[in-house]
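What follows is one structure encoded as structure tokens, with my remarks underneath.
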Amino acid sequence: MSTDPQMTAERVRGPVIQVRGLAKAYKELHVLRGVDVEVARGSIFALLGSNGAGKTTVVRILSTLLKPDAGTATVNGFDVATQAARVRESISLTGQFAAVDEILSGRENLVLVARLRHLRDPGGIADELLARFALTDAGTRRVSTYSGGMRRRLDIAMSLIGDPPVIFLDEPTTGLDPQARLEVWQAVRELARQGTTVLLTTQYLDEAEQLADRIAILHQGRIIANGTLPELKRLLPPAKVEYVEKQPTLEDVFLAIVGDDGTDSTAGAASPAGTKNRGTR
Ligand SMILES: Nc1ncnc2c1ncn2[C@@H]1O[C@H](COP(=O)(O)OP(=O)(O)OP(=O)(O)O)[C@@H](O)[C@H]1O
Ligand SMILES: [Mg+2]
């Protein structure tokens, strides 16, 4: 950490992630063509884009795994190009595919990471995280017996060891069933509530809508829209008033039938269509 008080204050006050003119090409494929983004400290920021839009490329650059061709990026006040080690101390990355060890138990995975980070009381840290992510009962079971949602939660729990101020979640719920998605959403909200900045990528519009304080849409190498959900909605002409019979969405039906033991039963029912009409037909 810098001892210059002005720099330290700047680090606390300014945006925790600042990206300017980021460009990256793979041979002649220009994936990023000048990406500008700022993320406020303690917020949940969603980077939305279709397959191949370049979301993972942005996350890899911000987490110092990949060098940009042009542009600058700072994370927690540190430059990804010149202060990579400082950036790595400030972040954790949960990749698009879960990185947990199948043979170990959930608890053993957590203890292992805490040991690797030279933290005191790895067992205590593991137990606290198991409780926080509703994995205490499954904690001593091998991860190979976990469901996709449990693995994802364990993966996110592992990335929190050492309390990094910024976490990157690359498509945290891709491939999960609706109930597991709700559980992961709940975990992400909890992170932000405790002050962690979360940058997540997603191709699910509802995920961005449910979770994010701000949403940026990455398309053809640039951010083509960036704002809060109400700001983005204002980009479209005002809605026409029409009277239609609202039907529950398939997600409403699925969750109603399967039962939603997720910790936040209201989260999944927040989609406007149908929830008030459940059972009318
Ligand atoms: N190492 C690489 N070499 C060549 N092309 C690559 C490489 N990595 C990514 N690409 C290409 O760059 C583009 C952007 O990839 P990226 O993984 O960033 O997209 P994404 O938005 O994360 O997509 P998805 O939603 O499928 O995860 C894709 O067309 C991909 O094929
Ligand atoms: Mg990706």
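Taking a point 7 Å from the Cα of L29 along the Cα-to-Cβ direction, the residues of region 54-72 with backbone N closer than 14 Å to it are 54-58. Using a Förster radius of 51 Å, what is the FRET efficiency between D101 and K246 based on their Cβ-Cβ separation? Nearest 0.05, please. E between D101 and K246, to the nearest 0.05, is 0.65.
The loop-placed chymotrypsin sites (Phe, Trp or Tyr not before Pro) in region 25-125, going by DSSP, that have at most 14 neighbouring Cβ atoms within 10 Å of their Cβ come out as F97.
With Cα atoms defining each centre, region 208-242 and region 45-101 are spaced 23 Å apart in the structure.
Relative to its Kirkwood radius, the Cα radius of gyration of the chain gives an Rg/Rh of 0.99.
Computed from the C-beta positions of R115 and K233 and an R0 of 41 Å, the FRET efficiency is 0.30 to the nearest 0.05. Of the trypsin sites (Lys or Arg not before Pro) found in region 33-80, no site is in coil according to DSSP while having at most 14 other Cβ atoms within 10 Å of its Cβ.
The share of C-alpha pairs in region 28-83 whose separation exceeds 19 Å stands at 29 percent.
For G77, the amide hydrogen comes within under 5 Å of no other amide hydrogen, counting only partners 5 or more places away or on other chains and with H modelled in the peptide plane. Close amide H contacts of L66 (hydrogens built in the peptide plane, cut-off under 5 Å, sequence separation of 5 or more or a different chain): I61.
Based solely on its DSSP helices, what 222 nm [θ] is calculated for the chain when runs of n ≥ 4 H residues each add -39,500 (n - 2.57) and the sum is averaged over all residues, nearest 500 deg cm²/dmol? Value at 222 nm, helices only: -9500 deg cm²/dmol.
Per residue, the average separation of C-alpha pairs within less than 8 Å and at least 6 apart gives the chain a relative contact order of 22 percent. Other residues with beta-carbon under 14 Å from the beta-carbon of R222 carry, at +1 per Lys or Arg and -1 per Asp or Glu, a net charge of +3.
Could you list the trypsin sites (Lys or Arg not before Pro) in region 171-263 that lie in coil according to DSSP, counting only those with at most 11 other Cβ atoms within 10 Å of their Cβ?
R234, K240
Spatially close Lys pairs in the chain, defined by Cα atoms under 15 Å apart and a spacing of eight or more places or different chains, total 5. Entry note, region 55-209: relative contact order of 24 percent, from Cα contacts under 8 Å with a spacing of 6+ residues.
Which longest uninterrupted range of the chain lacks any GluC sites (Glu not before Pro) assigned by DSSP to a loop state (not H, G, I, E or B) and surrounded by at most 12 other Cβ atoms within 10 Å?
103-241
In this structure the amide hydrogen of R222, modeled in the peptide plane, comes within under 5 Å of the amide hydrogens of R33, none closer than 5 places in sequence on its chain.
Every read-out reported here was derived from the displayed coordinates using simple, explicitly stated rules and does not represent laboratory data. Note that the coordinates shown come from a computational prediction; the quantities given were computed from them, not determined experimentally. Please note: Cβ atoms are built from the backbone with ideal geometry, for glycine as well, and neighbour counts cover all protein chains shown.
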